[in-house]
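Visitor: Would you mind keeping the following structure in view while I ask a few things?
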Amino acid sequence: MKEFEITPPTETEAEASPLLTHAIEFRRRLILSMLAILAGFIICFIFAQELYGFLVKPLAEATGGDGHRMIYTGLTEAFITYIRLALWGGFILAIPVIVTQVWLYVAPGLYAAEKKAFLPFLIVTPLLFFLGAAMAYYIVFPVAWEFFLSFEVMGAGGSLPIQMEARVSEYLSLAMTIIFAFGLSFEMPVALVLMAKAGLVSAAKLASFRRFAIVLIFMMAAILTPPDVFSQIALALPMMLLYEISILGAKWVEKNRGT
């Protein structure tokens, strides 16, 4: 019987093996993240009415609840809105899990000192997101809704009244967009400090870019928030403060790097 010799892997195969391992690990982390979003979606769909009540509470308080209601004009509109609401809530609930999976994927390729340096970003990322979301809900919503409701007109002298009857899909879409925009905007220090750590930007460059950054921040605030001055300022001012914190963070990175 002829004996078969085991040949060692070629150089191409040896190079492909780590790539395949990384691809498998990436798929594993992605699947776990998707499962976390699915679990969050199921939880939020079960409590969709409670989540709806939570998001509509600022509007209910602004209107006083007298003579106002939420409507839907399509037969499937309310159901589809609950699906979107559950997906949105599920993603937010899964953020800590997603960040952890990203960390577990990246961490094996880092040295011990690098792991210690990047670990604070793992903790700060979800905290900043939830801080921005809380600011949108507790500070921006009450004032912005009061502003928009001020355009209601009581019928007098034979004229017809103007009364707000918001579509549930439009209101929840607006509320979810603003909350997500504020949460995402508050991630700016994490992104800029990581860029400084990678050597893509420096504290000096960030400081010299400050004037342009302020203009971009106000443009972003005008796009992401409702068209009232308070909401735009409410997003722009914290982002300007976070930009200054990013400069300090970049200086700290450069100091620890010995530059």
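Visitor: Would you check which residues across segment 208-222 are surrounded by fewer than 14 Cβ atoms within 10 Å (Cβ to Cβ) and of a type in the set (Gly, Ala, Ser) and list them?
Guide: Of everything in segment 208-222, just one residue is surrounded by fewer than 14 Cβ atoms within 10 Å (Cβ to Cβ) and of a type in the set (Gly, Ala, Ser), namely 208.
Visitor: Within segment 44-69, how many residues turn out to be out of contact with any Gly (no Cβ under 7 Å at 6 or more places or on another chain), free of Cβ contacts under 8 Å to residues at least 60 places away in the same chain and of a type outside the set (D, E, K, R)?
Guide: 10
Visitor: Which number in (1) at pLDDT below 85; (2) more than 30 Å from residue 149 (Cβ to Cβ); (3) among the hydrophobic types (A, V, I, L, M, F, W, C) marks the one condition that residue 203 misses?
Guide: Residue 203 satisfies every listed condition except (1).
Visitor: Hey, among 253, 215, which residue is more than 25 Å from residue 95 (Cβ to Cβ) and part of a helix (DSSP H, G or I)?
Guide: After applying the criteria, what remains is 215.
Visitor: Is at least one residue of segment 71-84 under 23 Å from residue 252 (Cα atoms), surrounded by 15 or more Cβ atoms within 10 Å (Cβ to Cβ) and within 25 Å of the chain's Cα centre (by Cα)?
Guide: Within segment 71-84, not a single residue is under 23 Å from residue 252 (Cα atoms), surrounded by 15 or more Cβ atoms within 10 Å (Cβ to Cβ) and within 25 Å of the chain's Cα centre (by Cα).
Visitor: Here is a follow-up. Pull out all pairs, ordered by first then second residue, where Cβ-Cβ is under 9 Å, the residues are six or more apart or on different chains, the first lies in segment 161-172 and is assigned to a loop (DSSP other than H, G, I, E, B), and the second is among the basic types (Lys, Arg).
Guide: Taking only residues 6 or more apart or on different chains, the pairs are 165/69; 166/69.
Visitor: Taking segment 202-259 on its own, how many of its residues are of a type outside the set (Val, Ile, Thr) and under 19 Å from the mean Cα position of the chain (by Cα)?
Guide: So the count comes out to 21.
Visitor: For segment 1-119, please list each of the helices (runs of 4 or more DSSP H) lying entirely inside it that holds at least 2 residues being at pLDDT 90 or above and under 30 Å from residue 147 (Cα atoms).
Guide: 48-63, 77-106
Visitor: Next question, about the same structure. When you scan segment 138-197, how many residues do you find that are surrounded by 15 or more Cβ atoms within 10 Å (Cβ to Cβ), under 25 Å from residue 77 (Cβ atoms) and polar (S, T, N, Q)?
Guide: Number of matching residues: 3.
Visitor: Scan segment 41-64 residue by residue and report those that are closer than 15 Å to residue 171 by Cα and of a type in the set (Phe, Trp, Tyr).
Guide: 52, 54, listed by residue number.
Visitor: Additional query: How about segment 231-250: which of its residues are farther than 30 Å from residue 148 by Cα and surrounded by fewer than 18 Cβ atoms within 10 Å (Cβ to Cβ)?
Guide: 244, 245, 248
The values are calculated or read from the model by the stated rules, or taken from the named source; none is laboratory data. In this text the structure is predicted, and so the values were computed from the model without any measurement. Ideal geometry is used to build each Cβ from the backbone, glycine not excepted, and the neighbour counts take in all protein chains shown.
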